[in-house]
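In what follows, a structure is listed as structure tokens, so that the remarks can point back to it.
What follows is calculated from the coordinates using simple rules that are stated; it is not laboratory data. This structure is a prediction, so every number in the text was calculated from the model and none was measured. Please note: Cβ atoms are built from the backbone with ideal geometry, for glycine as well, and neighbour counts cover all protein chains shown.
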Amino acid sequence: MLTDTAIAKAIDARRDDLVRLTQDLIRIPTLNPPGRCYREICDYLAARLDNAGFATELLRAHGTPGDSDAHPRWNMVARRRGARPGECLHFNSHHDVVEVGHGWTRDPFAGEVEGDRLYGRGACDMKGGLAASIIAAEAFLSLAPDFAGSLEISATADEESGGFGGVAWLAEQGHYAHVDHVIIPEPLHKDRICLGHRGVWWAEVETHGRIAHGSMPFLGDSAIRHMGAVLAEIEERLYPLLATKRTEMPVVPEGARQSTLNINSIHGGEAEPEPGYDGLPAPCVADRCRIILDRRFLIEESIAEVKAEITAVMERVKAARPGFSYEIRDLFEVQPSMADRDAPVVRSTAAAIERVLARQPDFVVSPGTYDQKHIDRIGRLKNCIAYGPGLLHLAHQPDEWVGIGDMADSAKVMAGVMADLLGG
Ligand SMILES: [Zn+2]
């Protein structure tokens with residue numbers, strides 16, 4: 001049996017390599033949208049993992065949202081078979097990063113190091129986690145070349161825009177059919193195991209009216225006033241109801257341990273003027289008004305119940321307002337997902353955290369979703385967690401960074417899980 005001391009030594013010996021690898025990944029600006037440099041990063045990773053004895057495949061998710069010849073959706077899957085039959089442990093990272101945004105004091109694609117911090121877009125979300133899993137795999141393979149089962153590493157597209165050209169597509173193609181355990185190195189931090197995420201329902205709600213001259217609003221019917229009544233109903237009845245719906249899911253932060261609703265946007269009446277137009281608006285009664293709802297729901301709720309709540313809001317308003325009519329359009333939905341605390345990958349990771357960090361792990365659930373939804377729903381595998389270095393609140397921020405020591409610690413935990421599940 002591989003000792004923790006041997007693993008720690010092998011990871012520590014690769015610390016400079018871990019930094020260089022993370023820097024190399026950050027220097028490939030895989031911005032999504034539109035989906036830049038996906039092929040470059042997959043080529044880079046495939047070359048690295050070929051070298052480590054993996055069989056690698058580059059797979060383009062043809063025809064998925066965003067896929068085009070200008071911005072093809074490339075994914076990389078690497079497999080290394082052990083010396084004996086056994087289980088398959090799969091590490092999945094997304095290789096895309098979100099836009100840079102404003103407020104940086106560093107070059108977002110240079111991979112600058114200062115002290116223990118490595119800066120760059122994607123440093124924590126999640127190229128640092130991807131690099132940690134690769135270093136963990138290379139260290140493990142050097143110590144236990146005769147391991148049982150198989151070890152896989154995938155780097156996939158488009159997590160930031162829903163994962164349809166990445167994990168969802170791979171799952172549809174059957175790439176998870178033989179997989180027993182999945183770890184997604186998202187930045188939940190080195191001492192936390194993320195069991196899953198809440199559900200999502202996005203919908204567009206529209207109220208209808210009738211256009212008329214603004215000087216004679218009584219000749220029309222204002223869709224904005226109708227929407228005002230909807231918003232008042234949401235404020236007075238729905239928000240208090242949502243606040244009573246608490247979950248057993250250990251969601252962090254604490255405020256997300258209940259049902260939540262955000263109204264992402266509201267548009268009513270005349271369209272926004274074109275940029276550069278400096279004239280006045282025209283006087284019209286709004287004939288339509290739309291809001292986008294972002295409802296996050298709990299494992300204790302069903303999506304049918306969540307949708308019925310909004311219909312009930314609209315029907316109550318309708319009963320009180322003559323001439324009121326509306327439409328609700330579904331935009332997007334994700335079921336909640338949560339691994340069992342006794343699932344093998346959870347137990348193994350918890351034990352490795354205890355050994356490496358000499359502390360009990362925290363078990364958490366993410367307020368927002370990530371690729372676990374596809375592994376669960378399409379890949380039909382519940383034995384899946386997110387575990388990786390980095391602080392979640394730094395994701396998508398200016399001056400994003402990941403701790404080098406945290407990456408190394410996470411890599412030790414990951415290699416410990418490999419040793420436990422694949423024998424070594
Ligand atoms: Zn991420």
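Any idea what the dipole of region 174-312 comes to, in debye rounded to 20, about its Cα centre with Lys/Arg Cβ at +1 and Asp/Glu Cβ at -1? Display every interim value, and only then the final one.
On the way: 14 positive and 21 negative charges, 62 e Å.
My answer is approximately 300 debye.
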- Query: Of the chain, which part is the longest with no GluC sites (Glu not before Pro) in a loop (DSSP not H, G, I, E, B) and with at most 14 other C-beta atoms within 10 angstrom?
  - Reply: 100-247
- The farthest towards the positive end of the charge dipole of the chain, of the residues Ala319, Val98, Gly111, given +1 on Cβ of Lys and Arg and -1 on Cβ of Asp and Glu, is Ala319
- Note on the structure: If one compares the long axis through the Cα atoms of helix 303-320 with the longest principal axis of the Cα atoms of the chain, the angle in degrees, nearest 10, works out at 10 degrees
- When Met314, Met227, Met216 are arranged by how many other beta-carbons sit within 10 Å of their Cβ, fewest first, they go Met216, Met314, Met227
- Message: Spelling out what I want: for every residue of region 400-416, take phi, set θ = phi - 60°, compute 6.51 cos²θ - 1.76 cosθ + 1.60 (Karplus), and round to whole Hz; glycine and proline get x.
- Response: 4, 9, 10, x, 5, x, 5, 4, 5, 4, 4, 4, 5, 4, 4, 5, x
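Using the Kirkwood radius over C-alpha pairs as Rh, can you work out the diffusion coefficient of region 1-61 via Stokes-Einstein at 25 °C, viscosity 0.890 mPa s, in µm² per second?
Taking Rh from Cα pairs, D becomes 179 µm²/s.
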- Nearest-20 debye value, the chain charge dipole, Cβ charges on Lys, Arg, Asp, Glu: 700 debye
- How large is the helix-only mean residue ellipticity at 222 nm for the chain, computed as the sum of -39500 (n - 2.57) over DSSP H runs with n ≥ 4, divided by its residue count, in deg cm²/dmol to the nearest 500? -9500 deg cm²/dmol
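Based only on other Cβ atoms within 10 Å, what is the fewest-to-most ordering of Arg288, Arg246, Arg15? Present the calculation step by step, with values, prior to reporting the outcome.
On the way: Arg288 18, Arg246 11, Arg15 15.
Going from least to most buried by this count: Arg246, Arg15, Arg288.
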- Task: State, in angstrom, two size descriptors of region 327-424 derived from its alpha carbons: Rg to one decimal place and Dmax to the nearest whole number.
- Result: 16.0, 59
- log₁₀ I(q)/I(0) of region 122-199 at q = 0.16, 0.18, 0.23, 0.25 Å⁻¹, via Debye over equal Cα point scatterers, no solvent, to two decimals? -0.76, -0.95, -1.37, -1.42
- Message: Show me the ranking of peptides 404-414, 257-267 by mean Cβ neighbours inside 10 Å, starting with the highest.
- Response: 404-414, 257-267
- Item | Within straight-line cross-link reach of Lys127, lysines at Cα separation under 16 Å, skipping those fewer than 8 residues along the same chain | Lys190
- Query: Cα to Cα, under 17 Å, and not fewer than 8 places away if on the same chain: which lysines meet these conditions relative to Lys307?
  - Reply: Lys245, Lys318
- Task: Report, as a whole number in µm² per second, the diffusion coefficient that Stokes-Einstein gives for region 1-149 at 37 °C and 0.692 mPa s using the Kirkwood radius over alpha carbon pairs.
- Result: 197 µm²/s
- Task: Could you tell me the largest-minus-smallest coordinate of the C-alpha atoms of the chain on each of the three principal axes, in descending order and whole angstroms?
- Result: 81, 46, 40
- Message: Straight-line reach only, C-alpha to C-alpha below 18 angstrom: list the aspartates and glutamates that Lys9 could link to, leaving out same-chain residues fewer than 8 apart.
- Response: Asp17, Glu138, Glu354, Asp406, Asp409, Asp420
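Charges at C-beta only: +1 for Lys and Arg, -1 for Asp and Glu. How large is the resulting dipole of region 324-413 about its Cα centre, in Debye rounded to 20? Numbers along the way, then the final one.
Details: 10 positive and 13 negative charges, 83 e Å.
That gives region 324-413 a dipole magnitude of about 400 debye.
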- Item | Dipole axis of region 225-275 (+1 Lys, Arg; -1 Asp, Glu on Cβ), positive-most option in Ser259, Ile234, Thr244 | Thr244
- Measure nothing fancy, just the Cα-based angle from helix 344-357's long axis to the longest principal axis of the chain, in degrees from 0 to 90, nearest 10. 70 degrees
- Note on the structure: Any residue on another chain or 5+ positions along whose placed amide H is under 5 Å from the amide H of Leu2 is listed here as Gly424
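Would you mind ranking Cys124, Cys289 so that the residue whose beta carbon has the fewest other beta carbons within 10 Å leads the list?
Lowest to highest Cβ neighbour count: Cys289, Cys124.
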- Query: Does anyone have the angle between helix 223-233 and the longest principal axis of the chain? Alpha-carbon axes, 0 to 90°, nearest 10?
  - Reply: 60 degrees
- Item | Amide hydrogen neighbours beyond the local backbone of Arg60, cut-off 5 Å, H modeled | Asn75
